[in-house]
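Since every read-out is calculated from the coordinates, none of them should be taken as a lab result. As the structure is a prediction and not an experimental result, all values here were calculated from the model. When we count neighbours, we look across all protein chains shown, and the Cβ atoms used for this are built from the backbone with ideal geometry, even at glycine.
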Amino acid sequence: MKSISIDAIKSISILIASFFILCGCSSQGESDDFSIESLPVLTAEETLRFSESEDMLLGSITQLHTDSEGNIILVDGRQRIIHAVDPQGNYIQQIGATGSGPGEYQFPGLVSIGPDDALHVMDWSSRRVISYRKNEGRWTFHSDFIADQDKIGFLSRLFPLNSDEFHIVTGSISANSNDMSVISKIDGTGNVLVDSILTVPSNQNFTIRNGDTAMMSLSQSDMHRQAQYAHDYNGAIYYGWSDSLTIMKMTPDNNSFELHADIKLPDTPFTQADADSILSGYESLLEGNASAREDLISSFPETKPAFSELQADETGRLWAQLQLPGANNGTWLILDPNGNPAYRAIFDSDQNLSAVRNGKAYVVSQSDLGVPEVTVFEFEY
């Protein structure tokens, strides 16, 4: 197999000065400014690479999830299909089907996997959360419920606690709205168990308008301050704002968040090259819409967010995708289960890290033929 160096592991002090508060040695990672280059780099080996096959034609891979046995769930948002393959990349099944009957969906949106390997799918079309239980290596339809927008709000995140309970993040879908998002707890029928565990301000954004009418609000992860979330497959969820690596954690048996990590990173300037790249990406939307262009330009920051994405593995280690100078944002900072900086990992800029579990990193990219491709890297902390 091809071996990649995410650099050679070095024994270097993680922090020049670190201190802990709250009764001596705290488990919450808090540090002075440090350089990411001072951290040892995780060494990983490519162990699997696969793409579409006769059994599985892929239009896209918009989400990737993996279960406790290493099976891989692929969400093809373009074709609106969910596939499962085994740890060797062999095809298992299509999960559910396109339609409006029991166990069927029209637009699989939010997809998540629970501690018991059950798969949960939020269908944007019907507003149903559909659950599939795993039995003898295959997923079959188990139950569903309506995510009543009038009762719980617009569902934007779905984190399984167990087979019958979820933490959710809800908010408004209005382009004019600056409403708060709310983290709550619901049961497997959509009833609210604990309301408003935490209220979260809206993400920074810019608005596309038609005259005085707001058509859509968009938030860009590499320039706007955003709320980032992750869950660790055991029911714990993590939350933090992308402008700093201050991360809060809520364990399954609690209904409140506690400080988990507070890492101070040096600022990364937002450059003209960054601005040009973003303007180019929105060119079709901005064409002939001067007010939208002005709104986007006015939201350009002086510095980039500290990170743009957050992942968690089953041990509670967090992976944060850093926003560093230059075009390559494939550097990830890895925090140990206590929230302290431990490693860095480096992927190519066109490789999207989609999941980390059981000592493996699952990366999505485009193959030389232009079709979606999955690469699995194995590593040891």
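Translational diffusion coefficient of segment 124-227 at 25 °C, 0.890 mPa s, Stokes-Einstein with Kirkwood Rh over Cα pairs, in µm²/s as a whole number.
Details: Rh = 15.5 Å.
The diffusion coefficient I find is 158 µm²/s.
Using just the Cα positions, wrap segment 315-373 in a convex hull and report its mean projected area in square nanometres, one decimal place. Kindly include the intermediate steps, with their values, before the conclusion.
Working: hull surface 18.5 nm².
For segment 315-373, averaging the hull's shadow over all directions gives 4.6 nm².
Looking only at segment 225-267, which residues have a backbone nitrogen under 18 Å from a spot 7 Å from the Cα of Thr199 in the C-beta direction?
Under 18 Å, as judged by backbone N against the label point of Thr199, lie 227, 256-257 of segment 225-267.
For the chain, what is the charge dipole size about the Cα centre, in debye to the nearest 20, if Lys and Arg each add +1 at the Cβ and Asp and Glu each add -1 at the Cβ?
Working: 23 positive and 52 negative charges, 72 e Å.
Here the size comes out at about 340 debye.
For segment 37-114, what D do you get in µm² per second when you plug the Kirkwood radius from alpha-carbon pairs into Stokes-Einstein at 10 °C and 1.306 mPa s? Please list the in-between numbers first.
Details: Rh = 14.1 Å.
Once the numbers are plugged in, D ends up at 113 µm²/s.
Summing Lys, Arg as +1 and Asp, Glu as -1, what charge do residues with Cβ under 10 Å from the Cβ of Glu373 carry, Glu373 excluded?
Values: positive: Arg49; negative: Glu52, Asp368.
With Lys, Arg at +1 and Asp, Glu at -1, the net is -1.
Set Lys and Arg Cβ to +1 and Asp and Glu Cβ to -1, take the dipole of the chain about its Cα centre, and tell me which of Phe206, Val363, Thr189 lies farthest positive.
With unit charges placed on the Cβ atoms, the residue in question is Thr189.
Could you please report the charge total around Val169, scoring K, R as +1 and D, E as -1 over all other residues with beta-carbon less than 12 angstrom from its beta-carbon?
Numbers: positive: Arg157, Lys185; negative: none.
Spelling it out: positives minus negatives among the neighbours equals +2.
Multiplying the sequence separation of Asn289 and Gln149 by 0.36 nm and subtracting their Cα-Cα distance, what value in nm do you get?
Working: separation 140, 0.36 × 140 = 50.40 nm, distance 3.19 nm.
Full extension from Asn289 to Gln149 adds 47.2 nm.
Give me a comma-separated list of calculated 3J(HN,Hα) values for segment 48-55, in order, Karplus coefficients 6.51, -1.76, 1.60 applied at θ = phi - 60°, integers in Hz, x for any Gly or Pro.
7, 9, 8, 9, 6, 9, 4, 7
Counting only pairs 8 or more residues apart or on different chains, how many lysine pairs in the chain have their Cα atoms under 19 Å apart?
Numbers: Lys2/Lys360; Lys151/Lys185; Lys185/Lys249; Lys249/Lys264; Lys264/Lys304.
For the chain, the number of qualifying lysine pairs is 5.
Out of Gly330, Gly109, Gly101, any idea which swings most in a Gaussian network model of the chain, alpha carbons joined below 10 Å?
Most flexible of the set in this elastic network: Gly101.
Please name whichever of Thr47, Met122, His65 sits farthest to the positive end of the charge dipole of segment 22-152, dipole taken about the Cα centre and charges placed at Cβ: Lys and Arg +1, Asp and Glu -1.
Met122
With only Lys, Arg, Asp and Glu charged, each at its Cβ (+1 for the first two, -1 for the last two), find how big the charge dipole of segment 262-381 is about the Cα centre; round to the nearest 20 debye.
On the way: 7 positive and 19 negative charges, 69 e Å.
The calculated dipole for segment 262-381 is roughly 340 debye.
Any idea how far apart Glu378 and Glu37 come out in nm if each label point goes 7 Å out from Cα toward Cβ?
Result for the modelled spin labels: 3.3 nm.
Using modelled backbone amide H atoms (1.01 Å from N, in-plane), which distant-in-sequence or interchain residues come within less than 5 Å of Phe107's amide H?
Trp124, Ser125, Ser126
What residue among Ser284, Ser242, Ser112 has the largest mean-square fluctuation in a Gaussian network model of the chain, using Cα springs under 10 Å?
Ser284
Which of Leu335, Ala84, Phe107 sits closest to the plus end of the dipole of the chain, meaning its Cα is farthest towards the positive end, when Lys and Arg get +1 and Asp and Glu get -1 on the C-beta?
In the chain, that residue is Phe107.
At 222 nm, what helix-only mean residue ellipticity would the chain give, in deg cm²/dmol to the nearest 500, using -39500 (n - 2.57) for each DSSP H run of four or more?
Numbers: 4 runs with 27 residues, N = 381.
Computed ellipticity for the chain at 222 nm equals -1500 deg cm²/dmol.
On the first, second and third principal axes, largest extent first, how far apart are the outermost C-alpha atoms of the chain in Å?
Principal extents (largest minus smallest coordinate, Cα): 58, 55, 51 Å.
Return an integer: the convex hull volume of the alpha-carbon atoms of segment 277-328, in Å³ per residue.
Working: hull volume 5.9 nm³, N = 52.
Each residue corresponds to 114 Å³ of Cα convex hull volume.
Please pull out the direction-averaged projected area of segment 77-191, using the convex hull of its alpha-carbon atoms, in nm² to one decimal place. Each step should come with its number before you reach the end.
Numbers: hull surface 31.3 nm².
For segment 77-191, the mean projected area of the Cα convex hull comes to 7.8 nm².
Label-point separation (nm) for Glu54 and Lys264, each offset 7 Å from Cα along Cα-to-Cβ?
Taking the simple label geometry, Glu54 and Lys264 are separated by 6.1 nm.
Given segment 233-381, report the % of alpha carbon pairs whose separation exceeds 17 Å. List each step's numbers first, then the result.
Values: 7501 of 11026 pairs.
Counting every Cα pair in segment 233-381, those more than 17 Å apart make up 68 percent.
If you put +1 on each Lys and Arg Cβ and -1 on each Asp and Glu Cβ, how big is the dipole of segment 89-227 around its Cα centre, in Debye rounded to 20?
My answer is approximately 240 debye.
In segment 240-324, how does Rg compare with the Kirkwood Rh, expressed as the Rg/Rh ratio over alpha carbon atoms?
Working: Rg = 17.2 Å, Rh = 15.4 Å.
Here the Rg-to-Rh quotient is 1.11.
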